[in-house]
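Sharing a structure below in structure tokens format, with a few things to ask.
The values are calculated or read from the model by the stated rules, or taken from the named source; none is laboratory data. Treat the numbers as computed from the prediction; the structure is a model and nothing was measured. Glycine also receives a Cβ, built like all others from the backbone with ideal geometry; neighbour counts cover every protein chain displayed.
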Amino acid sequence: MSALKSAQQLQAKFGDLVGAPAEFRGEICVTLAAADKIAEVADFAKNSLGFDFLVDISSVDNHGEDPRWTVVYHLRNLAANIELRIKTNVSEEQSELPSVLPVWRSANWHEREIYDMMGIRFSGHPDLRRILMWEGYPYHPLRKDFPLAGKPTDLPNVAFTKPAPLEGGPFVTVAGGGDSIGREPRVRNPEE
Amino acid sequence: MQTKSDYAYDSKIEGDVIVTRVDAALNWFRANSVWPMPMGLACCAIELMAAGASRFDISRFGSEVMRFSPRQADCMIVAGTVTYKMAGVLKRIYDQMPEPKWVIAMGACASTGGMYRSYAVLQGVDNIVPVDLYISGCPPRPEAVLDALMKLQAKIITQPCLQDLNIIKTLAGQTQN
């Protein structure tokens, strides 16, 4: 069974909820229209289509657009050696979707990381704590409106975090510049 | 086998007694038995391991006893990137070390935050603990660690050991009266 066939089976099962499979560089991606159905889709993908390995869950901040969040599930069928990607959009007001932890137990830390970095919550997660930043940190630092240098916060009894000095940065490389001067890291502040 | 040396202490000439100050003797002990607490947090810790292994051999300076318990250590070598999340742990470990204690910030990250100009990284470990020596490099070579250790020994030797203690001051005051 190919990844395309799996995507078509998903479409056949869930009808209009699952969009047409898009192919990019040999990889198949489907978009799920309703984020609150992700747990059922995941259950079907694992138990009927054989996607027994959750490679990763990642999230995208489409800052300034609506819906703001895109959550991406990377699935793998180890027996058939195929991969499938499922994308679903979540609005900023909602910022919550069902956990797929009952389907793949490895989703535990992936979902915690997304909660920590992006602030998207997963309903039904048994232990939705921060995983990288410390408990009590007030921001979600991977959001596009969070400055690279950080914001001042208080780490009780230990340290006060100031914005990191960027010394004129951030220093950004531009792909496809004509010569090495055009490509090398330069001060390119998007806020200016 | 004859072990006589013209340079070393010779009890036949100088007798069985050495006269020195308690301060100097204690500092001499301290400087030559600095037990490090290897606070290995990133790649600098690999170079610290090399400094402890046979090729560079930190035991020539009396510091081969790496203590992973802070209660048995004299000198915390902060080797690596200190994130804010780890900062609390580091401070707690430092607080558990008995006096006298020293801190070496090893490498760019521990000294200044290094290349990590970011919301997650403490910009220099001297924000939370007092640092005696900074080692430059990313990561520094083991020779640099040994150099820092020798500089720390030189610093320990010059530090007042007993004469600042209140009991000594009181006794000295009594003898003057």
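With respect to A:Ala159, is the statement that it is closer than 22 Å to B:Thr112 by Cβ, within 13 Å of chain B (Cβ to nearest Cβ), out of contact with any strand residue (DSSP E or B) (no Cβ under 7 Å at 6 or more places or on another chain) and buried (at least 18 other Cβ atoms within 10 Å of the Cβ) true? Can you show your working first?
Details: closer than 22 Å to B:Thr112 by Cβ: yes; within 13 Å of chain B (Cβ to nearest Cβ): yes; out of contact with any strand residue (DSSP E or B) (no Cβ under 7 Å at 6 or more places or on another chain): yes; buried (at least 18 other Cβ atoms within 10 Å of the Cβ): yes.
In short, yes.
Sticking with this structure for a sec: Tally the residues that are under 20 Å from B:Lys151 (Cβ atoms) and of a type outside the set (A, V, I, L, M), restricting the search to region B:39-93. Reasoning before the result, please.
Keep residues of region B:39-93 that are under 20 Å from B:Lys151 (Cβ atoms), which gives B:39, B:44, B:47-48, B:50-52, B:56-66, B:73-79.
Within this subset, residues satisfying the condition of being of a type outside the set (A, V, I, L, M) are B:44, B:47, B:52, B:56-57, B:59-64, B:74-75.
Counting residues in region B:39-93 that are under 20 Å from B:Lys151 (Cβ atoms) and of a type outside the set (A, V, I, L, M) gives 13.
Give me a count of the residues in region B:11-46 that are among the small types (Gly, Ala, Ser) and exposed (fewer than 15 other Cβ atoms within 10 Å of the Cβ). Lay out the reasoning, then the answer.
Residues of region B:11-46 among the small types (Gly, Ala, Ser): B:11, B:15, B:24-25, B:31, B:33, B:40, B:42, B:45.
Still in the list and also exposed (fewer than 15 other Cβ atoms within 10 Å of the Cβ): B:11, B:15, B:24-25, B:33.
Residues that pass the stated criteria total 5.
Let me ask you something else. Which ones in region B:50-64 are in a loop (DSSP other than H, G, I, E, B), more than 18 Å from B:Phe29 (Cβ to Cβ) and touching a helix residue (DSSP H, G or I) at 6+ places or on another chain (Cβ under 9 Å)? Full working, then the answer.
Taking region B:50-64 as the starting set, the residues that turn out to be in a loop (DSSP other than H, G, I, E, B) are B:53-57, B:62-64.
From what's left, more than 18 Å from B:Phe29 (Cβ to Cβ): B:53-57.
Once the filter is applied, which keeps residues that are in a loop (DSSP other than H, G, I, E, B), more than 18 Å from B:Phe29 (Cβ to Cβ) and touching a helix residue (DSSP H, G or I) at 6+ places or on another chain (Cβ under 9 Å), region B:50-64 yields B:Ala53, B:Arg55, B:Phe56, B:Asp57.
Go through (1) more than 14 Å from chain B (Cβ to nearest Cβ); (2) touching a Lys or Arg at 6+ places or on another chain (Cβ under 7 Å); (3) not charged (D, E, K, R) for A:Tyr137 and report which single condition fails.
(1)
Kindly list the number of the only condition in (1) within 14 Å of another protein chain (Cβ to nearest Cβ); (2) in contact with a Cys (Cβ under 8 Å, 6 or more places away or on another chain); (3) surrounded by 14 or more Cβ atoms within 10 Å (Cβ to Cβ) that fails for B:Gly88.
Unmet for B:Gly88, out of (1) within 14 Å of another protein chain (Cβ to nearest Cβ); (2) in contact with a Cys (Cβ under 8 Å, 6 or more places away or on another chain); (3) surrounded by 14 or more Cβ atoms within 10 Å (Cβ to Cβ): (2).
Residue under question is A:Asn81, and the condition is that it be farther than 30 Å from A:Asp145 by Cβ, polar (S, T, N, Q) and touching an Asp or Glu at 6+ places or on another chain (Cβ under 8 Å); does it hold? Walk me through it before giving the result.
On the way: farther than 30 Å from A:Asp145 by Cβ: yes; polar (S, T, N, Q): yes; touching an Asp or Glu at 6+ places or on another chain (Cβ under 8 Å): no.
Criteria not met by A:Asn81.
Run A:Gly150 past the list (1) within 15 Å of the chain's Cα centre (by Cα); (2) surrounded by 16 or more Cβ atoms within 10 Å (Cβ to Cβ) and report the number of the one that doesn't hold.
Just one mismatch for A:Gly150, condition (1).
Name the residue that is surrounded by the fewest Cβ atoms within 10 Å (Cβ to Cβ), counting only residues in region A:3-36 that are touching a residue at least 60 places away in the same chain (Cβ under 8 Å) and farther than 19 Å from A:Asp52 by Cα.
Selected residue: A:Asp36.
So which residues in region A:47-77 are closer than 17 Å to A:Gln9 by Cα and out of contact with any strand residue (DSSP E or B) (no Cβ under 8 Å at 6 or more places or on another chain), if there are any at all?
Hits for region A:47-77 are A:Asn47, A:Ser48.
Moving on. Filter region B:94-122 down to the residues that are within 10 Å of chain A (Cβ to nearest Cβ) and more than 15 Å from B:Ser136 (Cα to Cα) and list them by number.
Matches in region B:94-122: B:Tyr116, B:Arg117, B:Ser118, B:Tyr119, B:Ala120, B:Val121, B:Leu122.
Quick check on my filter: what residues within region B:11-33 are of a type outside the set (Ser, Thr, Tyr), part of a loop (DSSP other than H, G, I, E, B) and at pLDDT 85 or above?
Of all residues in region B:11-33, those of a type outside the set (Ser, Thr, Tyr) come to B:12-19, B:21-32.
Narrowing the set further to residues that are part of a loop (DSSP other than H, G, I, E, B) leaves B:15-19, B:21, B:32.
Correct list: B:Asn32 only.
Condition first: more than 30 Å from A:Pro147 (Cα to Cα), part of a loop (DSSP other than H, G, I, E, B) and within 20 Å of the chain's Cα centre (by Cα). Can you find one or more residues in region A:34-44 that meet it? Walk me through how you get there before you give the answer.
Within region A:34-44, the subset more than 30 Å from A:Pro147 (Cα to Cα) is A:34, A:36-44.
If we keep only those that are part of a loop (DSSP other than H, G, I, E, B) too, we end up with A:34.
Subset that is within 20 Å of the chain's Cα centre (by Cα): A:34.
Yes: region A:34-44 contains one or more residues that are more than 30 Å from A:Pro147 (Cα to Cα), part of a loop (DSSP other than H, G, I, E, B) and within 20 Å of the chain's Cα centre (by Cα).
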